[in-house]
Amino acid sequence: MTRKLTPHLPAACSRRDFLFRAGSGFGGLALSALLAEDGALAGEVRSPQSKVQGAGEGARVPSARARAKAVIFLFMVGGPSHIETFDPKPELDRLDGQQLPSSFGEIKSQFIKAGTPLMRSNWKFRKHGRSGIEVSELFPHLAGCVDDMAVIRSCYTESFVHAPAMYQMVSGRTLAGHPSMGSWVTYGLGSASRNLPAYCVLTQPEGLPEGGAPMWEAGYLPALYGGTLLRPGAAPILHLKPSPDVGREQQRRMLEYLREVNEQNLQPGETDLSARISAYELAFRMQQHAPEAVDLTRETEETRHLYGLDAAETREFGTRCLLARRLVERGVRFVQLFSGGGPVNTQWDAHDHVKENHEKLCRWTDKPIAGLLKDLKRRGLLEDTLVIWGSEFGRTPVTQNGRGRDHNPYGFTTWMAGGGVRGGTVYGATDEIGYRAVQDPVHPRDLHATLLHLLGLDPLRLTYLHNGRHERLTDFGGNVLEGIL
């Protein structure tokens, strides 16, 4: 018996709204974040790529030069002090308490006033590994991983205000509304998993960074390339558990019915949902596979200890680092993991007391990040997983209120590991007091160009036509950092 579709569906509701309203929003979850495996909507990609057999439906093979398949971006919200973490400055220590020499010019920042004295680092630096890279005693665990890291000491952005600097670090522009780097990556490569989001975001439980959702949204790219926000706690993805009153076969029939509804109302040339009638099917598969991906009880006690899950101070951040490894292990392309957010005392924004602030944040993150690198390496995943540690800016060499430091976008540190990066490398330098990048300055566009290059994507050919302009993640610039490859 042929089932007839009801003619009384509300025409005023768009198919996008229909998916978001139906099934308690589960279809909307699939549409907004899990559909990056779609190849049909990536028509503006300017690099020749072919389908990956057996992977996500829209997964595409990058060029043969690709070294990385996935990215984990560890974003330290608020701006860690580079001169107290990865950029030692003996001259600054010598000048402690003195006025800034005129040869360095004027310190420009958001809150400090002229005549504020210089302040030495609160911690000592020591050489580590075969490479002898100097790392602050704030990172006793991470210091053991320096031979896998390329430490870039000459980064700079163009705003000393949090949100614009954050936007520039993740999208290349200081204004919100442009696609994040995770969106560009999933747009260019598609998904390598049929059952999980291509782009996942793990935020601090206390709250979001100042930049908020634009830091992982798709901007003018199709919305399906935005990040999926995984929540803290036992259920990172909502609505995965089906209602006990609905059986699996009943769900299947519902999906078939919704497919018919969409096909009946498709308009010629409409690409927004025409290629995504299978959205519910993907969500259906997630109900089977996503719970396993986020179930950390399957990990050994040794692994849980490696990430610090057995200690109160490291448990929360360690849980997210371990979840990031499980996600990339199962084909997720891009994981954006934030340390800091919400109240200022849970951010790296050390205006008042840098010593107290950084000691706390480093206790939370040092062991988990080192555990992540070690775990990826021993599983053979670090070779094709690019790990990035960074922030929106650094801190000033002069003090604020005698104990803290103000924002400094003119010179700070980012590091990369794995995914084709040459470990045990130091790239670039700031001046003698750590204020400005003076050797091989690195703009966010250069970091983005390097990231795309390592993923096998041409930064100049990965474009999207928007308002008559072929937009790029790197816009009009961006140089690959050959010195760290």
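Between residue 103 and residue 161, the modelled labels are 3.5 nm apart [label points 7 Å from Cα along Cα→Cβ].
Solvent-accessible area of the stretch 287-378 (1.4 angstrom probe, protein heavy atoms only): carbon and sulfur portion equals 51 percent.
Calculation over all alpha carbon pairs of the stretch 132-231 in 5 angstrom steps from 0 returns a P(r) of 2, 12, 17, 15, 16, 18, 13, 6, 1, 0 percent.
What relative contact order, as a whole-number percentage, does the stretch 329-461 give when Cα pairs under 8 Å and 6 or more residues apart are counted? The partial results should precede the final answer.
Values: 144 pairs, mean separation 24.2, N = 133.
Relative contact order comes out at 18 percent.
For residue 85, neighbours were defined as the other residues whose beta-carbon sits under 11 Å from its Cβ, and their charges (Lys and Arg +1, Asp and Glu -1) total -3. The stretch 300-355 and the stretch 380-415 have Cα centres spaced 17 Å apart. Here the gap between residue 126 and residue 206, fully extended at 0.36 nm per residue and compared with their Cα-Cα distance, gives a gain of 25.5 nm.
Taking all protein chains as present, what is the carbon and sulfur share of the accessible area of the stretch 419-483, in % to the nearest whole number, probe 1.4 Å?
Numbers: 1130 of 2570 Å².
After summing per-atom areas, the C and S share lands at 44 percent.
Let a ≥ b ≥ c be the square roots of the eigenvalues of the Cα gyration tensor of the stretch 379-485; is it rounded (a/c under 1.5), or, if not, prolate (a/b larger than b/c) or oblate?
Details: a/c = 2.29, a/b = 1.43, b/c = 1.60.
It comes out oblate by the Cα gyration axes.
Rolling a 1.4 Å probe over the heavy atoms of the protein chains gives the stretch 352-447 an accessible area of 30 Å² per residue.
Taking 0.36 nm per intervening residue step and subtracting the Cα-Cα distance, what contour gain separates residue 220 from residue 110 on full extension?
On the way: separation 110, 0.36 × 110 = 39.60 nm, distance 3.11 nm.
That pair, residue 220 and residue 110, stretches by 36.5 nm at full extension.
When the C-alpha to C-alpha distance is required to be over 22 Å, the pairs from 124/367; 69/367; 124/355; 124/374; 113/360; 124/360 that qualify are 69/367; 124/374; 113/360.
Between the amide H of residue 471 and those of 464, 465, 466, distances stay under 5 Å, these residues lying 5 or more places away or on another chain, with hydrogens modeled in the peptide plane.
Between residue 147 and residue 359, the C-beta separation translates, for a Förster distance of 35 Å, into a calculated FRET efficiency of about 0.85. Please report the relative contact order for the stretch 393-485, taking Cα pairs under 8 Å with a sequence separation of at least 6, and give it as a percent rounded to a whole number. Relative contact order of the stretch 393-485: 24 percent.
Is any residue of the stretch 121-144 close enough, with backbone N under 20 Å, to a label point placed 7 angstrom from the Cα of residue 296 along the Cα-Cβ axis, and if so, which? Once the point is set 7 Å along Cα→Cβ of residue 296, 141-142 turn out to lie under 20 Å by backbone N, inside the stretch 121-144.
Shape call for the stretch 397-450 from the C-alpha gyration tensor, a ≥ b ≥ c root eigenvalues: rounded (a/c under 1.5), prolate (a/b greater than b/c) or oblate? Write down the numbers at each step before the final one.
Values: a/c = 2.27, a/b = 2.17, b/c = 1.05.
Prolate, because a/c is 1.5 or more and a/b exceeds b/c.
Given their separation in residues at 0.36 nm each and the Cα-Cα distance between them, residue 311 and residue 479 gain 56.3 nm when the chain is fully extended.
The values are calculated or read from the model by the stated rules, or taken from the named source; none is laboratory data. This is a predicted model, so every value here is computed, not measured. Cβ coordinates were reconstructed from backbone atoms using ideal geometry, including for glycine residues, and neighbour counts include every protein chain displayed. Heavy atoms of the whole protein, side chains included, go into the accessibility calculation; ligands, DNA and RNA do not. Shrake-Rupley method; radii C 1.70, N 1.55, O 1.52, S 1.80 Å.
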